[in-house]
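**Q** Could you have a look at this structure, given as structure tokens, before my questions?
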Amino acid sequence: MLASIFSNKEVIELLNKVKNNPIYNDKKKKDSINYEKFSGLEQSFFLLFDALIKYQIVVEDHEYLSDYIHHLDLLWHKIDNFHDISQGVSKILVKFVSKKLGYKNKVEEYRREILEYIYKKYIEEGYLYHGCSSCYIEDIKKEGFKPQKYQNLYKEFYGLQKKYSSLLNDMDFYHDYVSFTDDFMMACYYATYSPMFFSRLLCPNTSKKVEVNSYAKRDYLSTFQSFHKYLKSKEFSEDEIKEISDLCNEEWKLLKQNEASYTIMFVKRSYFGKDKLQGIYEILCDKETDIAVLASQIMDNKMDSFTWSKDIPSDMISFVSIPYAKYIIEEEIEEVEVVLPTVRPTASPEDGKVSLLVLVGTTLILLGVILSVIMLYQ
């Protein structure tokens, strides 16, 4: 149900605008989320995904979805920085919660009721998120989630870490927990670069700015070409480069990375006992601060890093695949040039004699072209 919003026709149209039109995506950016840098179209899409998921969780009602998308369209079109867009999303959500509750435009009159409703839906009944590799989904659906116990090559990467201390020096391959977040944008980021140790290994930070990371695009060739160049620049020998690359190849295949979608695991906050906010009473009683700011304090209140080491049963888990890949990976479409026969523009005395032959010949040529095109696309 949560993912259904991404298949809406108007949502898809807006996502295409964000992809293709600089007015929608060329904004002043926040520096980072959790010190992770955005690149390319990430912040544009992740913020929009966040706005859509918030609607699904808080408002739910598809009666208002078309109007909500229209408001998001105007927001992305008119505002020139992502910070103000984020504030604008909260303001729009307040408006639509008011509509859903039957208060229409009486937002100030019912501000506490609106904030209580947002708190109930987004916090008390809301979710924590974990960006994961999509190849594990079927096993998790069958057996539940076992943190760090699903199939992996951690032991081999630990050996690589010990042998080459300059690689993977910030990764503990024997920790028994995973991290959850209450920030959907961050979950989108982690789902895109999952598993993080692998993306950081293959695409280390360099001085060269990469518009869209090749790992995020699941571009095997570009990723490994860049990785080889990096290893050479660090003066690894050819044998060492081969050893490291062979292991990375095995991990890439294990993750089915070329076909991997960007997947986020949803688990109810109440399952972790994270369904309360400190200071909520003060927020609900605040009559001076703009209600959109207070709504943002509820929905965008970021808890500290949260880790979990126990199993989670499958019936407590749902998955959402964000459609980021459709908008950053360009499909290669082979274009076939069809050349029609030339027809002489002026008549000659001989035309009458050959007109039937020309007609027959032209018909046969056209038929051949049509059949060739049909055969090509079979």
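The values are calculated or read from the model by the stated rules, or taken from the named source; none is laboratory data. Keep in mind the model is a prediction, meaning the values are calculated, not measured. For neighbour counting, all protein chains shown are included, and Cβ atoms are generated from backbone atoms with ideal geometry for every residue, glycine included.
**Q** Considering only the stretch 91-98, I want to know if a residue exists there that is at positive phi, in contact (Cβ under 8 Å) with a residue 24 or more places away in the chain and not small (Gly, Ala, Ser).
**A** no
**Q** Here is a further query. Only one of (1) buried (at least 16 other Cβ atoms within 10 Å of the Cβ); (2) among the aliphatic types (A, V, I, L, M); (3) closer than 21 Å to HIS130 by Cβ fails for ILE241. Which number is that?
**A** (3)
**Q** Of the residues that sit in the stretch 287-301 and are surrounded by fewer than 17 Cβ atoms within 10 Å (Cβ to Cβ) and assigned to a loop (DSSP other than H, G, I, E, B), which one is nearest to the chain's Cα centre (by Cα)?
**A** Filtering first and then ranking leaves ASN301.
**Q** Could you list, in sequence order, the residues of the stretch 127-153 that are out of contact with any helix residue (DSSP H, G or I) (no Cβ under 9 Å at 6 or more places or on another chain), surrounded by 13 or more Cβ atoms within 10 Å (Cβ to Cβ) and more than 26 Å from LYS274 (Cβ to Cβ)?
**A** none
**Q** Let me ask you something else. Got at least one residue in the stretch 47-54 being assigned to a helix (DSSP H, G or I), touching a helix residue (DSSP H, G or I) at 6+ places or on another chain (Cβ under 8 Å), β-branched (Val, Ile, Thr) and buried (at least 22 other Cβ atoms within 10 Å of the Cβ)?
**A** Within the stretch 47-54 (the criterion being assigned to a helix (DSSP H, G or I), touching a helix residue (DSSP H, G or I) at 6+ places or on another chain (Cβ under 8 Å), β-branched (Val, Ile, Thr) and buried (at least 22 other Cβ atoms within 10 Å of the Cβ)), the answer is yes, since at least one residue qualifies.
**Q** Now for a different question. I'm trying to understand the selection: among the residues of the stretch 88-114, which are of a type outside the set (D, E, K, R), within 18 Å of GLU288 (Cβ to Cβ) and touching an Asp or Glu at 6+ places or on another chain (Cβ under 9 Å)?
**A** Correct list: SER90 only.
**Q** Condition first: surrounded by fewer than 21 Cβ atoms within 10 Å (Cβ to Cβ) and not basic (Lys, Arg). Now tell me which residues in the stretch 95-118 satisfy that.
**A** Once the filter is applied, which keeps residues that are surrounded by fewer than 21 Cβ atoms within 10 Å (Cβ to Cβ) and not basic (Lys, Arg), the stretch 95-118 yields PHE96, LEU101, GLY102, TYR103, ASN105, VAL107, GLU108, GLU109, TYR110, GLU113, GLU116, TYR117.
**Q** Would you be able to say whether some residue in the stretch 156-165 is assigned by TED's automatic domain parsing to the domain that holds ASN249, surrounded by fewer than 17 Cβ atoms within 10 Å (Cβ to Cβ), touching a residue at least 40 places away in the same chain (Cβ under 8 Å) and of a type in the set (Lys, Arg)?
**A** Looking through the stretch 156-165, none of the residues is assigned by TED's automatic domain parsing to the domain that holds ASN249, surrounded by fewer than 17 Cβ atoms within 10 Å (Cβ to Cβ), touching a residue at least 40 places away in the same chain (Cβ under 8 Å) and of a type in the set (Lys, Arg).
**Q** What single numbered condition from (1) in contact with a helix residue (DSSP H, G or I) (Cβ under 8 Å, 6 or more places away or on another chain); (2) closer than 29 Å to TYR177 by Cα fails to hold for ILE241?
**A** Unmet for ILE241, out of (1) in contact with a helix residue (DSSP H, G or I) (Cβ under 8 Å, 6 or more places away or on another chain); (2) closer than 29 Å to TYR177 by Cα: (2).
**Q** Can you tell me which of SER44, SER66 is of a type in the set (Gly, Ala, Ser), touching a helix residue (DSSP H, G or I) at 6+ places or on another chain (Cβ under 8 Å), assigned to a helix (DSSP H, G or I) and in contact (Cβ under 8 Å) with a residue 40 or more places away in the chain?
**A** That would be SER66, the only listed residue that is of a type in the set (Gly, Ala, Ser), touching a helix residue (DSSP H, G or I) at 6+ places or on another chain (Cβ under 8 Å), assigned to a helix (DSSP H, G or I) and in contact (Cβ under 8 Å) with a residue 40 or more places away in the chain.
**Q** Identify the residue in the stretch 239-262 that is charged (D, E, K, R) and either within 30 Å of PHE45 (Cα to Cα) or within 29 Å of the chain's Cα centre (by Cα) (or both) and, among all such residues, is modelled with the lowest pLDDT.
**A** Residue satisfying both the conditions and the ranking: GLU259.
**Q** Output the residues belonging to the stretch 99-132 that are in contact (Cβ under 8 Å) with a residue 40 or more places away in the chain and charged (D, E, K, R).
**A** LYS100, GLU108, ARG111, ARG112, GLU116, LYS121, GLU124, GLU125
Every residue, every condition in (1) part of a helix (DSSP H, G or I); (2) over 28 Å from ILE241 (Cα atoms), yes or no:
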| position | (1), (2) |
| --- | --- |
| LYS106 | no, yes |
| GLU109 | no, yes |
| TYR122 | yes, yes |
| ASP139 | yes, yes |
| GLN161 | yes, no |
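**Q** What single numbered condition from (1) outside any loop (DSSP other than H, G, I, E, B); (2) surrounded by 11 or more Cβ atoms within 10 Å (Cβ to Cβ); (3) over 25 Å from the mean Cα position of the chain (by Cα) fails to hold for PHE236?
**A** The single condition PHE236 does not satisfy is (1).
**Q** If you check TYR220 against the conditions, is it of a type in the set (Phe, Trp, Tyr) and in contact (Cβ under 8 Å) with a residue 60 or more places away in the chain?
**A** The answer is no for TYR220.
**Q** Restricting attention to the stretch 73-87, which residues are without any contact (Cβ under 8 Å) to a residue 24 or more places away in the chain and under 18 Å from LEU14 (Cα atoms)?
**A** LEU74, LEU75, LYS78
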